[in-house]
Each structure stands twice: as C-alpha cells, then as structure tokens.
Amino acid sequence: MVIVISTFLLLSISVFAQTSAEPDCNKPWELSTGDLQYCIEKIDAEIKALAPAQEKNKQELTKLRAQIDDLNKRISAISNQLKTVEVDIKQREEDLAFTQEIFEEKASNHYRFIRLYDPILPFLASEDAAQAFREINFRQRAADDDRKTMENYAQDLIQLKADKESLEKNKESLAAAQKKIADQEKFLAGEVSKVETYLASLSAKQQELLAAKFASLPVPLLAQTSLKGCVSDLGKSSGFSPRYGFFSYGVPNKVGLNQYGAKGRAEAGQSYTEILGAYYANFQIVDYGTGFNIRVNGTNPYGETFSNETYNIEEYLKRLYEMPPSWDPKALQAQAIAARSYALAATNNGQNSILPNEYGQVVKKGYNDSRWVDAVVATIGKVMVQSGTNTPISAWYSSTHGGVVLRSGQIGWSDTPWTKQAIDNPSGSAGSAGDIRSNAYDKQSPWFFCDWGYRSQYNNTAWLTEEEVVDIVNAYILWEKDNSKIIHLSQTDKPTGETWSAERVRQELGGSAISSISSISVDWDGSGISKTIRVNGKGYDAQKFKNMVNLRAPANIQIKPSCQPDSGLNCNKMYALYEVVRE
C-alpha cells in the first residue's frame, strides 16, 4: 500500500504557530539558548512525525522501481522479439509477392491448359500408350502442385494477417503498460519528493538553529572585546572517570599580528619593529605620509552607524578599538602600524570605503583612550609595504593564535608573500604541543587553550565519557567506509529523523568497530596544524576528525575553529591545532 502525505498536511505541519508565549523559531538570532533548544526539539518532533510515512513511501517507491526495472527488461525483450517478427513479416511479404507472381503465371497457364487440353491428343502424338500415360501423369502432378501452391499461398495470407494483428495488439499493450507504470512512478516519486523537499527545509532550519546555538560560544577576532574568555576544564571534575577533553589552541584566524602574542613580546622588551617582524615577512616599514582620507560605512559593534563619514587616516586610527589601551605601549604601536597598513590596503589608499566592524576594523565616532592615541601619534605615517614596492600590505591580525603563526594560504585564503608560518615562542620552535602551551607568547590569553562547550549535568564542563569518544571514533570509521553515511552521524542527544544511535553505528561496522580507548593522541609535526590523530595506534586525518567531533559530540561541545562540513568532512577551517587530554 502506498502512503501519501498530502500537500495540505505538509503545509499545515510546516507553519510555526506563534503565540505570545512561544519563541519565534523563524528568528534564531533573537533566541536564548533555552529557546533554541525548544525550537530544535519542535523541529525534531516534526521530522519524527513525517518520518514513518515518508519511509513507507520510499520503500514503496523502491519496490515500484524494482518492478519497473523488471518490466522494462521484459518489455525490452518483447520489443526485440517484435522487431524480429516485423522483419520476418516483411520478408514473408516479399516472398509471397514473388510467389504470387509465379502463382498467377501458373494459374494462367493452367487455365489455358484446361481450356485447350484434349485428353485424346497424347495418345495420337505418342508412339505408344506408355508414353501417353506418362505425359498425362506428369501433367496431373503439375496440376496438383499448382493447387498446393495456391492452398499454401492462401494459408500464408491468412497467417500473415493474423501475425500483423497480433503485432499491433502487442505494441498497443506495451505502450499502455509503459504509460501506466510511468504514471504510477511519477505520482509516487512526486509525493516522496514533496516530503524530501520539506524535510530538507527542516534540516536547513535545524542547521541554522544549531549554528546559532554554537554561536553561544562566540570566538573573539579581536583582543579588545566584551566577550569573556573560554573556560579550561583542566583539573575540573565532571563526576565521571576517565574523562576526555578536546582542547583547541587559539582562535581564528592565526594570520599576521597575534595581538596577545604582541602583548607578550612587548612585555619581554621587544620593540614594535621586532614585534611586526615576528608576524609578517617580506615587508618594510616606511614613512608613507598622512595625506589620505578614509571613508567609513556601516554599523559598528557598539550600535553606531556610519554613512560615508570621512576622516584623515590619522584621525581614523585614533577612533580604532582593536587592542586594549592598557597594554604595553610597544604592542599598541605595533597594532597602530598594522591597522594603518590594513586600512590603506583595504581601501586602496582611501579610494574605497571600509566597514567599522570586525569585517573591516572596529572604530567608534569618538577617540579611544589617550594611551591608544599616543601610540597612533608615536607612529604617525608609518606603514608596512611589500618589499620592493610602495604598496601597503593587508596586515591581518587577530586576538589569539595559540602559539603559532600561519600563512594566509594555509587557512584557505589566497597565499601572500607578507604572511609567514612560525612558532610564536622565544625559541621559534617546539618539540611538542606541550612546549607551545608552556612557552607561547600569547599564553596569557583567556582563549589560548580551551575545551569548548558545557553540560550542566557534568559540572558545566566539556568532558566526554569514554563511551562517547568511542562512539565518535566509530562514527568516523563508518564515514571513512561510506561517506554517504554522514547523514546518520549527527549528535545523538539532538537526533534528526536520520540519526543513528551508537549501537546502530557499531552494528553497521561489525568487526571494524572499536569498544574502548587504550590510547588517543594528536601528532605534533612542528607545522602548527594538527595533521594526524591516533586512536588505539591507528591514525586518522585530524582535521576531518575534528569536524566529526563537532558533528557527533553531545550538547555544544566542539573543537575550534568550528564549521559545518560537507559529506567529505571538509570545510573552510581545516587548520585547527588541538590536543586530547585524558584525566
């Protein structure tokens, strides 16, 4: 039996009924974490309500298509046979046409023979009676043969007509069968497609809600921020043991100036020239001049809107809010030069406008603290230009690199000659990730080394049980075997209609599944990007494994930088540096 979900039902289910007490699930950016959870559960309920009927329809469609394949094979065989019959009929028509000519000639001759034949003549013309009888016998046999030919011809004509009629009926029957099957398949496929489209829209909305929920753990791009730091759970009890945590080093984007690294270097006595040299390559600091105006358009994080406000480059910089003004002046000066260079590069020396937020540079309408203004004045006109040119570099910077510096090409941007790869500690090298944790210049940052996420039932920590880590590993192994299974590997505590439990994943893997963790660690190769994670001695791609953790781990537990991967577990942030800690 085919189960059909009507368009009316889909429309009635798809509308989020709004009441004064109910969160508006169509505006996830306005919702609290609790309201987001409510909306996710509501969508899950809708998916579950549709899933049984949709699964039945899909099964029926699969059976129908199997029947269609079988019928098409039989239709093809019959069609081929009909073509053979058509060829045979055509040949028989040609043969009969030729036979008819001969028959007509023989009939004419026979008729003339009968009219003119004199039975006495053979006896008169023959020398003896025997010869006369032979001639009479011969003529009789010829007449018999002619009669048989006429009878066969008549029979062939009757059979030919019957074969033609049968052929035409078979063709009509096949055409009717094909149309009936095609109509049935089209109808059922249409019903399945309607529900699939609806479910897909639900999944897209669910992804939006999940993205908003992950945003409840925001990552600052800049050191000057109102965001609180992440909380490291090292040494913090979860109520179970052993416990496992995935700890990320730093936050995006790890290219250019490491603001907290600049702070550490300034406190270690380095000048702004030395600080900038640690984070950029192939550049020179020049007196570029101050005769440039910067146009600002857009809204800043503080709610101020700019509409083509124009400032001299130095006045613009005095309104910049990117680094806490309480920091060492040498770090502030390095930041001022980087920001001046970036502003000129981004606007093509003032020809274009710039946003007043993290997508440009954060500025306010009023001056920053006097200590920041002093740093701008101390470096007036100084700009980093690419070596051998007079072109300002796009001097990117961000809050916390996590002890490493990466080239722009390593994080998915276009490669540039003024970015570099380096270890951001006093020696410029590290024998292990632990060396970075101990000695990195940005280790004071509240975002330096964190496990991200929390569960209230486990003391608000991001620790995972061994069973949960085993499940994540098994999910990854299953995905390696068949990438299409990724649709079943979302987190089990917020299942979609397609999510498989840990037990189901084990069943799918059979003997390939693991049941415990004897060892787990991330290799260190000195690059600053995790390449291989090893579980029970077997290595896996660390970046894709990171994305599986983010997909499968419960609650909002994740490894930074997080992103939504495709079916190949690829995304635009494949440069995480992380460790696995067991306590």
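Brief remarks on what is shown
- Computed from the Cβ-Cβ distance with R0 of 45 Å, the FRET efficiency linking Leu167 to Lys481 stands at 0.30.
- Flagged links, alpha-carbon separation over 19 Å, of Lys420/Lys544; Lys73/Lys180; Lys531/Lys573: Lys420/Lys544
- Once the Kirkwood radius over Cα pairs is known for segment 257-395, the Stokes-Einstein relation at 37 °C and 0.692 mPa s delivers a diffusion coefficient of 221 µm²/s.
- Taking every DSSP bridge with both residues inside segment 257-395, close to 90 percent are antiparallel.
- Other-chain or far-sequence residues with amide H under 5 Å of Ile294's (modelled H): Tyr311, Asn312, Ile313
- Remark on Ala395: its backbone amide H falls under 5 Å from those of Tyr342, a criterion applied only to residues 5 or more positions apart or on other chains, H modelled at 1.01 Å from N.
- Over segment 490-547, the hull volume per residue, using the convex hull of the C-alpha atoms, is 107 Å³.
- By average C-beta atoms within 10 angstrom, highest first, the peptides 559-566, 395-402, 317-324, 299-306: 395-402, 317-324, 559-566, 299-306
- Per-residue packing, averaged as other Cβ atoms within 10 Å, sorts the ranges 176-186, 286-296 into the order 286-296, 176-186, beginning with the highest.
Each value in this text was obtained by applying a stated rule to the coordinates, not by laboratory testing. The shown structure was predicted, so the numbers you read here are calculated from the model rather than taken from an experiment. We place every Cβ from the backbone using ideal geometry, glycine too, and count neighbours over all the protein chains shown.
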